[in-house]
Structure formats: structure tokens, C-alpha cells
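Trainee: Please find one structure pasted underneath; my questions will follow.
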Amino acid sequence: MPDAITENDPGRTVLFLNGPNLNLLGVREPDKYGSTTLREVEETVAKTLSAHGLAARFVQSNHEGVLVDAIHAARTECGAIVINPAAFTHTSVALRDAIAAVALPTVELHITNVHRREEFRHHSYISAVADAVIVGAGTHGYVLAALHVAHLLLG
Ligand code: DQA
């Protein structure tokens with residue numbers, strides 16, 4: 001069994017960042033995003049990480065600057081980032097620059113297969129600064145991202 005890991009151990013804490021409207025996960029367009037709530041996703045992710053001796057920090061915001069601030073804080077407080085930038089994926093140079101600036105292992109994820117959706121969702125400002133991109137796996141994608149981060153951090 002790994003030692004108990006607290007959020008105070010930066011190298012072993014993973015920032016899970018969710019952008020606008022993802023607070024409504026479970027009720028928002030369930031045909032696309034499913035019926036699992038963000039809270040339920042976070043509980044599953046926390047268990048997955050903890051099985052690998054890792055801790056999670058969860059931040060969801062509808063405000064771009066709050067997301068940028070959370071990425072900056074991760075620079076010294078976290079070992080990796082998993083981000084679903086939601087609609088900001090397709091618009092935000094600021095999020096892209098923040099991720100490039102902190103230079104942490106980063107996984108971009110989308111619940112839906114954005115490439116099968118409207119054309120404006122096909123381009124991501126984030127993908128070029130992400131180490132891995134997970135799309136179309138539903139909310140299970142968050143667990144896949146947690147497992148990949150464990151692999152990146154622990155080998
Ligand atoms: C999303 C896809 C985005 O295009 C959309 O704006 C979202 C969610 C996804 O998880 O599939 O809000 O990032």
C-alpha cells in the first residue's frame with residue numbers, strides 16, 4: 001500500500017480542471033454528456049488516483065481567468081494537469097499560454113468526440129500544448145486521464 005498522500009505533496013497532486021457549463025454535468029444535454037454528475041466523476045477519479053498514491057485537486061469554473069489562475073497555482077502545487085476546457089477549447093489563447101507557461105504534464109479531455117460534432121469544435125487551442133488528448137470516451141475519459149497521469153508521474 002502506498003503511504004497516505006495529502007494534497008500538500010505537489011508532485012503527487014493532480015489538478016482536474018473543468019471549464020464552463022461542466023458544473024451542469026448530469027443534467028446538461030444528457031444525450032451528449034451522459035447522466036453522471038461532476039461530483040460523481042470527481043469521486044471516481046479521486047478513488048482511481050488514490051489507488052496509485054496520488055491526490056486530486058478539483059476546480060470547475062465558468063470564468064476563463066479563474067481557470068488561468070488555477071493553472072498558475074498548479075505550477076508549484078501540482079504534478080500534472082487534466083483539463084476539459086469545454087467551450088474555451090475552441091477560443092482561448094489565454095488557457096493555451098497558461099498551460100505552456102507552467103510546463104506540467106497535461107492531458108486534455110473531452111467527453112464527446114468533438115471531431116464528430118460541429119466544425120467549430122474540431123479545432124482546439126489546447127491540443128498543441130497537451131501531452132495527450134482523450135475524446136469521445138464519455139465521462140469514463142476522466143478515469144482514463146487519471147490512469148494516464150499515474151503512468152506519466154509514476155512510470
Ligand atoms: C466538451 C466539448 C466542447 O466542444 C463543449 O463546448 C463542451 C464540452 C466535451 O467535454 O465534450 O462544453 O469539452
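Any read-out appearing in this document is the output of simple, stated calculations on the displayed coordinates, not a laboratory observation. Everything quoted here is computed from the prediction, not taken from an experiment. In this analysis, Cβ positions are derived from the backbone assuming ideal geometry, glycine residues included, and neighbour counts consider all displayed protein chains.
Trainee: What is the residue count in the range 106-123 for residues that are assigned to a loop (DSSP other than H, G, I, E, B) and within 9 Å of the ligand (Cβ to nearest atom)? Give the derivation first.
Mentor: First, pick out the residues of the range 106-123 that are assigned to a loop (DSSP other than H, G, I, E, B): 111-113, 117-118, 122-123.
When the remaining residues are screened for being within 9 Å of the ligand (Cβ to nearest atom), the result is 111-113, 117-118.
Qualifying residue count for the region: 5.
Trainee: Are any of the residues in the range 96-119 in contact with a Gly (Cβ under 6 Å, 6 or more places away or on another chain), under 19 Å from LEU54 (Cβ atoms) and hydrophobic (A, V, I, L, M, F, W, C)?
Mentor: Within the range 96-119 (the criterion being in contact with a Gly (Cβ under 6 Å, 6 or more places away or on another chain), under 19 Å from LEU54 (Cβ atoms) and hydrophobic (A, V, I, L, M, F, W, C)), the answer is yes, since at least one residue qualifies.
Trainee: With the condition kept exactly as written, say whether any residue in the range 89-98 is away from the ligand (no atom under 15 Å from the Cβ), surrounded by 18 or more Cβ atoms within 10 Å (Cβ to Cβ) and at negative phi.
Mentor: yes
Trainee: Output the residues belonging to the range 58-88 that are of a type in the set (Ser, Thr, Tyr) and within 15 Å of the ligand (Cβ to nearest atom).
Mentor: Scanning the range 58-88 gives a single hit, SER61.
Trainee: Kindly establish whether LEU95 is out of contact with any helix residue (DSSP H, G or I) (no Cβ under 6 Å at 6 or more places or on another chain) and either within 22 Å of PHE58 (Cβ to Cβ) or among the charged types (D, E, K, R) (or both).
Mentor: When the stated conditions are applied, LEU95 does not pass them.
Trainee: For the range 29-60, name all the residues that are out of contact with any strand residue (DSSP E or B) (no Cβ under 7 Å at 6 or more places or on another chain), closer than 24 Å to TYR125 by Cα and buried (at least 18 other Cβ atoms within 10 Å of the Cβ).
Mentor: TYR33
Trainee: Of (1) among the β-branched types (Val, Ile, Thr); (2) closer than 17 Å to ASP97 by Cα; (3) more than 13 Å from the ligand (Cβ to nearest atom); (4) touching a residue at least 40 places away in the same chain (Cβ under 8 Å), THR13 satisfies all except one. Which?
Mentor: So the condition that THR13 fails would be (2).
Trainee: Filter the range 124-152 down to residues that are within 13 Å of the ligand (Cβ to nearest atom) and in a strand (DSSP E or B), then give me how many there are.
Mentor: So the count comes out to 3.
Trainee: While we're looking at this one, here's another question. Report those helices (runs of 4 or more DSSP H) wholly inside the range 1-105 carrying at least 1 residues which are more than 13 Å from the chain's Cα centre (by Cα) and among the aromatic types (Phe, Trp, Tyr).
Mentor: Numbers: elements: 30-33, 38-50, 64-77, 93-102.
Filter on the range 1-105 gives 30-33.
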